1. Can you tell me how the stretch 109-252 classifies by the Cα gyration tensor, rounded, prolate or oblate, using a/c under 1.5 as the rounded cut?
2. Test of understanding: what is the full-extension gain from ARG19 to LYS207, defined as 0.36 nm times their sequence separation minus their Cα-Cα distance?
3. For the chain, report the accessible area per residue in Å² (1.4 Å probe, heavy atoms, rounded to an integer).
4. Would you mind listing how long the stretch 66-111 runs along its three principal axes, going by Cα atoms, in whole Å with the largest first?
5. I'd like the distance between the alpha-carbon centres of the stretch 147-182 and the stretch 18-88, rounded to an integer number of Å.
6. Compare the peptides 316-323, 267-274 by average per-residue count of other Cβ atoms within 10 angstrom and give them in order, highest first.
7. Just list whichever of LYS45/LYS73; LYS112/LYS262; LYS73/LYS238; LYS99/LYS238; LYS238/LYS300 have alpha carbons separated by over 31 Å in the model shown.
8. Rounded, prolate or oblate, given the Cα gyration tensor of the chain, with a/c below 1.5 counting as rounded?
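The values are calculated or read from the model by the stated rules, or taken from the named source; none is laboratory data. On a predicted model such as this, the values are computed, not experimentally measured, just so you know. Ideal geometry is used to build each Cβ from the backbone, glycine not excepted, and the neighbour counts take in all protein chains shown. Heavy atoms of the whole protein, side chains included, go into the accessibility calculation; ligands, DNA and RNA do not. Shrake-Rupley method; radii C 1.70, N 1.55, O 1.52, S 1.80 Å.
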Amino acid sequence: MYFDDRPKERREDLYDRGREIKDILSLIDENRPLIVITGIRRLGKTSLLRVALNEAGREYVIVDLRGINPRSKRDLILRFQYGINESLRKFSRIRDYLKFVEGVEIAGLRVKLSWKSPETLYEVLSSLQERGVVIAIDEVQDARGPVGKELASAIAHFYDYGSSTFILTGSQVGPLYDFLGVVLYGRVWHEVKLERFSREESIEFLKLGFSQVNLTPPGWFLEEAVETLDGIVGWLVKLGVIAMREGFTRQVITRMLEESSKLVLEELNSFLAKRGRAREKYMELLRAIAQGKDTWDELKETLGVGDSSLAKLLDNLAKASFIEKVGGRYRIQDPVLKFSLLSRWP
């Protein structure tokens, strides 16, 4: 079912993405050491990852690093522990792979990893790699600081000496490439990039999704939804969920934008919290772009800053995937963020 906002597990629940699945399966089959799935937030990277892994015919572990404490090794180990225990529901043999690993305690159908031992992560990864288990790490760019260094060191080591595949996903291009720069040092990696749906794909996705629940949306609703949500599948799914419940009205589109604003503003505030006194300049810049002041000269005049300061502000927002530059003009990448900027800070 398309209109389910949980990550998909089966190809029939995932619209399109056949080419990307084929690419990932080929790379896994070739035992490539490092695959990277990229794309802005809410394009379905986690769903693509899970569907591909379920079709690969290999045991796997998925570790979710969203919101990880970058200074807590304990948090890193707990994330791996949770991912392994989730995988045990499908692959009980993984428990046997770890039974003799130092720092691992087997308790029935679950494992517990010691975060106090400095070797636990390496020992666990070593044992899994030896058996060909695919290690997938979701939103890896959130692993910064000491946690990021330890994880990058481990991935680099098993890239050289392991026998299986790592798959990393990331939605913030700057931090992701910074992380990969630490890992790689000339090593080869293979990127599978997700793009937003085209206008035609978005309309077809909505039509098929509603047909699955025996609903037929009016043409104006499809056109307005696609124009508003700009091909971001996560928002199209959320709109579908609300419309199934409340019908096809313009108020439903507005309600979807309002309900989703809280999430995008939390993401923005997390970014701004690290910017100190520059916070207000970032907000002023984002508001200006949302209002249509989208050229270099317009933004420079609006903010009253020099070239180097403006370049730094724009570069940091682009690296965090909040904005992009298209044809010499800057735009907010996420339509819900643009809505939030215009409606809450006019």
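1. prolate
2. Details: separation 188, 0.36 × 188 = 67.68 nm, distance 2.15 nm.
Length gained between ARG19 and LYS207: 65.5 nm.
3. Working: 16510 Å² over 346 residues.
On a per-residue basis, 48 Å².
4. Dimensions of the stretch 66-111 along the principal axes of its Cα atoms: 31, 23, 14 Å.
5. For the stretch 147-182 versus the stretch 18-88, the Cα centre distance is 12 Å.
6. Descending packing order for the listed peptides: 316-323, 267-274.
7. Working: LYS45/LYS73 26 Å; LYS112/LYS262 35 Å; LYS73/LYS238 35 Å; LYS99/LYS238 42 Å; LYS238/LYS300 36 Å.
From the list (LYS45/LYS73; LYS112/LYS262; LYS73/LYS238; LYS99/LYS238; LYS238/LYS300), the Cα-Cα distance tops 31 Å for LYS112/LYS262; LYS73/LYS238; LYS99/LYS238; LYS238/LYS300.
8. In terms of gyration-tensor shape, oblate.
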